[in-house]
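The structure appears below as structure tokens.
None of the figures in this text is laboratory data; all of them are computed from the coordinates on show. Fair warning: this is a prediction, and the values are worked out from it, not measured in the lab. Here the Cβ positions follow ideal geometry from the backbone for every residue, glycine too, while neighbour counts run over all protein chains shown.
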Amino acid sequence: MAAVIQRLSRQALVTFMTRETAAFSSNFERLKTMLDSVTAEDIKLVVPNHLEQSNGTYTAGAPATHVSIFECPFFTLGVFILRKGSSIPLHDHPGMFGLWTLNGTRMDGFSRQPLHKRRLIRCRKTEHSFEESSGSCVLTPTAGNYHTIHNMSPGPSAFVDILGPPYAQEKGRDCTYYQECDPPSYHQATPIQVDNDDRWITEIPPPRDFFCDTQPYSGPPVSLQLISGPLDS
Ligand SMILES: [Fe+2]
């Protein structure tokens with residue numbers, strides 16, 4: 001019988017191979033449902049010692065660890081493990097869809113609004129918390145595409161991350177970091193209509209205090225050959 005992570009990977013492949021077709025939304029929904037039930041045991045999650053033992057004030061070492069499970073031209077599948085009290089800074093996934101799950105984190109998402117000023121982007125803020133029972137969180141090219149992820153648990157937390165299509169700088173899908181900023185000044189000829197949920201963000205260099213180390217994946221194998229052929233369900 002195929003492992004959960006193998007079936008999930010196969011559904012991700014089907015989903016992102018059909019991204020330009022009418023079948024995409026139902027495939028995406030199926031992928032989300034499958035991701036909802038993935039557990040730490042399914043991926044043989046091992047929390048690195050330096051994250052496990054961090055009390056949240058220890059600042060040496062990476063604040064996050066990334067475990068790459070699988071990459072192909074259609075999607076990437078991996079796991080981020082955040083140490084106590086750490087956050088992934090505000091960043092984007094241009095033109096990409098994403099799904100992630102596992103409890104203990106909070107996502108603050110921002111959706112780009114039509115109007116923006118030079119160097120300032122107007123967004124609308126949304127927020128999702130993952131609890132044990134809550135489903136996977138999704139982002140699309142237009143909803144929640146700018147986001148931060150905070151570890152809200154009393155120790156390290158981890159989430160599975162599926163992105164499709166993958167980051168590809170040469171195709172305009174590079175990761176940029178941002179920070180919230182004040183709205184543009186209003187003493188101008190044409191005042192801007194703003195909503196209470198509006199936020200303004202501006203691009204910043206990659207934050208120096210956030211970086212990832214890596215750890216090998218130790219769960220069931222995932223390969224293109226394996227997930228593109230028939231799986232015994
Ligand atoms: Fe992200």
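Could you order the peptides 38-50, 166-178 from most to least packed, using the average number of other C-beta atoms within 10 Å per residue?
With the highest mean Cβ count within 10 Å placed first, the list reads 38-50, 166-178.
Separation between the residue 66 and residue 181 pseudo-spin-labels, each 7 Å from Cα along Cα→Cβ, expressed in nm?
2.6 nm
State, in angstrom, two size descriptors of the chain derived from its alpha carbons: Rg to one decimal place and Dmax to the nearest whole number.
Computed over the Cα atoms of the chain, radius of gyration and Dmax are 18.7, 66 Å.
Taking the 0 to 90 degree range and rounding to the nearest ten, how far is the long axis of helix 4-17 tilted relative to the main principal axis of the chain, both from C-alpha atoms?
It is inclined by approximately 50 degrees.
Counting DSSP beta bridges with both partners in the chain, what percentage is antiparallel, nearest 5?
Numbers: 51 of 54 bridges.
Bridges in the chain that DSSP calls antiparallel: roughly 95 percent.
Add -39500 (n - 2.57) for each DSSP H run of 4 or more in the chain, then divide by its residues: what number comes out at 222 nm, to the nearest 500 deg cm²/dmol?
Here the helix-only value at 222 nm equals -4500 deg cm²/dmol.
Suppose the chain between residue 124 and residue 223 were pulled fully straight at 0.36 nm per residue; how much longer would it get relative to their current alpha carbon spacing?
31.8 nm
HN-Hα J couplings of segment 25-41 from phi, Karplus 6.51/-1.76/1.60, θ = phi - 60°, integer Hz, Gly and Pro as x?
Values, residue by residue: 5, 6, 5, 5, 5, 5, 4, 4, 4, 5, 5, 3, 9, 6, 10, 4, 5 Hz.
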